[in-house]
Each structure stands twice: as C-alpha cells, then as structure tokens.
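Worksheet: the structure to be examined is printed underneath.
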Amino acid sequence: MEALRSLFAVCASHVMGTFAPTSPYGAPSLVGALLFALAWFAWRRRKQRRATSVRAFVRAMFPRRILLHPSSWVDLGLWTLNTIVFASGYVLLALGAFFWRDRAISALTSVFGAHGPLGVPPGLALLISTLAELLAYEFAYWGAHYAFHRIPALWEFHKVHHSAEVMTTLTEMRQHPIEIIAFMNAISLATGLTFGLMTYVFGPGVGHITLLNGNIALTVFMLTWGHLRHSHLWIPVQGLAGKLFQSPAHHQIHHSVDPRHFDKNLGFALAVWDWAFGTLHIPAREPEVAQFGVGEEYEDYATVARSLARPFAKASEALRQGPPAPLAGDVRAP
C-alpha cells in the first residue's frame with residue numbers, strides 16, 4: 001500500500017507540474033493561445049465581412065474531424081508518456097546548462113585568464129544575455145532538427161513526430177524519447193556555453209530577462225501563437241517578419257508531404273537560422289499545405305507501441321544501408 005501511495009504521489013507531482021503556470025501546458029500558455037486564435041479568427045471574419053460568434057469560433061477551433069481522428073489519440077498517448085511518465089527520466093539523461101556553463105567558464109579562464117567584469121551597464125548586459133540565449137537556443141534547436149532530417153537513422157526516430165496526419169497542440173510531444181533526449185542535450189550545451197561566455201565577459205550573476213521563469217522572448221512566443229504551430233489554423237507571417245519569426249503556417253509547411261516543403265522551417269520560435277542556412281520557406285497568404293504525415297508509412301506509427309518500437313528497427317536498417325541519401329526528402333517521400 002505504501003508503494004502505491006508513493007507511486008501516486010510521484011504521478012500527481014508530474015501532473016501538477018505539467019499544468020503549472022510556468023509550464024508550456026499551464027493555463028497562461030493555453031489561454032494565451034486561445035485568445036490569440038480568437039483575435040486572428042475575428043480579424044479574418046471581419047475581412048470576409050462575416051459575423052463572429054462564439055459558436056463559429058468553437059467549431060473552427062475544435063473540429064470533430066481532428067479531435068476524433070485516430071492520429072490525435074496517438075498524440076494523446078505519446079504526450080502523456082513524454083510529459084508525465086518519462087519526464088524525470090529525460091532530465092536525468094541530460095547534462096544541464098549549468099554543467100556546460102561551468103565548463104565554459106573554466107575553459108575561458110584557463111586560456112585567457114581571470115579578469116574583472118566589463119564596465120557595461122547591468123541593463124545592457126541583461127539585454128545582450130537574453131538575446132544571446134535566445135539565439136543559442138534557436139541554433140541548437142535548428143541544428144538538432146536539421147540532423148534528424150538529414151541523417152537517415154535519426155530521421156527514422158523523427159518520423160514519429162511527422163507521422164501525425166492531423167495537428168493539435170498535443171502533437172508537440174508526439175516525439176520519440178531518443179529525439180527528446182538529443183534535443184534537450186543540444187539545447188543545454190548551446191545555452192550553457194553561451195551563459196558561460198556571458199558570465200566570463202560580464203561577471204557572475206548575469207542572467208536573462210525572464211517571464212514565468214523563462215527567457216522572456218520564448219515565453220511570449222508560448223503565450224501567443226506557440227501552441228498554434230501544431231494546429232489546423234493557417235496563420236502566416238510574411239515579408240521581413242517571415243524571415244525572423246516562425247508563424248503557425250511556417251511549421252505546417254514543415255509537416256507537409258509536398259516535396260517542395262521537405263526539410264524547411266526547422267526553427268522553433270525564430271526563422272533567422274532557416275534564413276541564414278537556406279532552409280526557409282515563407283508561407284503564402286492562403287493555405288498551401290494539402291496533407292500532413294508520412295504517407296503509406298503511417299501504419300508503422302499508428303499506435304503508441306509501434307511509434308516507440310519501430311524506429312529502432314528502421315534506424316538499424318538505415319545504418320546497414322550506409323551513407324545518407326542526397327536529399328532527406330527522398331527518404332520520406334510517401
């Protein structure tokens with residue numbers, strides 16, 4: 001009985017943490033996404049000279065064809081495993097940002113020697129550190145994402161995410177544990193080394209501007225359209241803004257089965273690294289994605305169990321086949 005109580009306490013702790021205000025699935029982020037979607041919906045209806053009503057908004061936001069789609073149930077299963085059941089295990093398998101920060105400070109000190117902090121106003125140091133962390137986070141995300149698309153063995157694990165045939169906010173965590181652990185370590189490495197550099201330059205105690213305990217820029221992204229990147233709502237950002245920021249339509253293009261969209265828009269909140277490395281596809285004003293998923297391979301990911309097991313066998317086969325194909329898109333064409 002005591003063991004059951006302890007297990008229940010652990011599960012309850014994970015559930016409460018998952019929906020805490022500072023969590024991506026806490027009330028601020030979910031309500032923020034809903035309000036952003038409402039503003040977009042009202043604006044679109046006004047342009048179309050159509051009346052806005054609560055019923056119309058609810059039907060547009062929560063269509064039965066998506067909520068009851070078999071793919072959505074796999075989303076739910078993997079989301080539960082990744083955010084509640086396996087969450088603590090992922091943390092144990094990741095070297096944290098503080099570890100890499102300390103390694104960076106030690107390396108810089110041994111090479112260049114110790115020095116006092118620069119005479120930079122604290123506000124400016126805070127702003128530079130906030131921007132540096134954001135760019136480092138995005139670079140690590142882009143780089144890991146690129147690797148999981150371009151290396152066939154890794155692509156077999158990333159297919160779990162791309163196998164979603166409809167998109168909901170839970171699709172974010174429709175990922176294989178191997179991918180989650182890899183991304184966590186890549187981001188920890190990049191942000192940790194960046195803050196090591198910032199600490200060495202500006203002195204101990206330098207940090208970033210925070211909101212809900214996170215980098216303010218990433219938090220604002222999650223409080224507005226972050227959850228809508230995995231949705232059926234076509235909300236494009238174009239022009240210069242489309243080269244700087246990832247809109248929901250940017251990420252829907254990333255999930256498209258259209259070959260011209262393969263390996264595009266690999267960033268998280270920003271599009272700057274896609275722009276820099278030639279993987280950017282700015283969305284058109286009207287929807288240009290007809291279908292999501294991996295085509296006939298969907299059956300390999302049609303259940304939670306298959307999504308967890310099949311990538312190991314397929315990755316082993318990809319490794320036996322030798323060097324990667326010229327284009328990652330060729331590997332996943334349906």
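None of the figures in this text is laboratory data; all of them are computed from the coordinates on show. Here the structure is a predicted model, which means the values were calculated and not measured. Cβ: placed from backbone, ideal geometry, glycine included. Neighbour counts: every protein chain shown.
Full extension of the chain between Ala114 and Val54 yields a length gain of 15.5 nm, computed as 0.36 nm times the residue separation minus the alpha carbon distance.
Against the main long axis of the alpha-carbon atoms of the chain, helix 177-202 sits at an angle near 30°.
Give, in nm to one decimal, the length gained when the segment between Lys243 and Ser13 is fully stretched (0.36 nm per residue of separation minus the Cα-Cα distance).
Values: separation 230, 0.36 × 230 = 82.80 nm, distance 3.99 nm.
Taking 0.36 nm per residue and subtracting the Cα distance, the gain is 78.8 nm.
Close amide H partners of Leu270, meaning residues 5 or more places away or on another chain with modelled amide H under 5 Å apart, are Gln246. If you take the Cα centroid of segment 251-327 and the Cα centroid of segment 168-214, the two points sit 23 Å apart. Evaluating 6.51 cos²θ - 1.76 cosθ + 1.60 at θ = phi - 60° for every residue in segment 296-311, the Karplus couplings come out as 5, 6, 3, 4, 5, 10, 6, 9, 4, 4, 5, 4, 7, 8, 4, x Hz, glycine and proline recorded as x. Charges were assigned to the Cβ only: +1 to each Lys and Arg, -1 to each Asp and Glu. The resulting dipole of the chain about its Cα centre is roughly 1160 debye.
Packing, taken as the mean count of other beta carbons within 10 Å per residue, orders the peptides 116-127, 192-203, 163-174 from highest to lowest as 163-174, 192-203, 116-127. When peptides 220-229, 182-191, 16-25 are ranked by their average number of other Cβ atoms within 10 Å per residue, the highest-first order is 220-229, 182-191, 16-25.
So if R0 is 41 Å, what FRET efficiency would Phe62 and Arg103 give, r being the distance between their Cβ atoms, rounded to the nearest 0.05?
Details: r = 47 Å, r/R0 = 1.14.
Calculated transfer efficiency: 0.30.
Taking 0.36 nm per residue of separation and subtracting the current Cα-Cα distance, fully stretching the chain between Val85 and Leu35 would add 15.0 nm.
For segment 171-226, how big is the tail of P(r) above 14 Å, as a whole percent of Cα pairs?
Numbers: 1068 of 1540 pairs.
When all Cα pairs of segment 171-226 are counted, 69 percent exceed 14 Å.
Could you estimate the translational diffusion coefficient of the chain from the Stokes-Einstein equation, with Rh from the Kirkwood formula over C-alpha pairs, at 10 °C and 1.306 mPa s, in whole µm²/s? Don't skip to the answer; put the middle values down first.
Working: Rh = 21.6 Å.
Using the Kirkwood radius from Cα pairs, D works out to 74 µm²/s.
Mind scanning Lys47/Lys159; Lys47/Lys264; Lys47/Lys243 and naming the pairs with a C-alpha gap bigger than 28 Å?
Numbers: Lys47/Lys159 38 Å; Lys47/Lys264 30 Å; Lys47/Lys243 25 Å.
The answer is Lys47/Lys159; Lys47/Lys264.
Placing unit charges on the Cβ atoms of the charged side chains and taking the dipole of segment 3-332 about its Cα centre, the candidate lying farthest along the positive direction among Leu127, Ser88, Trp234 is Trp234.
For segment 54-154, a crude dipole built from +1 on the beta carbon of Lys and Arg and -1 on the beta carbon of Asp and Glu, taken about the Cα centre, is about 520 debye to the nearest 20. Remark: relative contact order (the chain) = 22 percent; criterion is Cα-Cα distance under 8 angstrom and separation of 6 or more residues.
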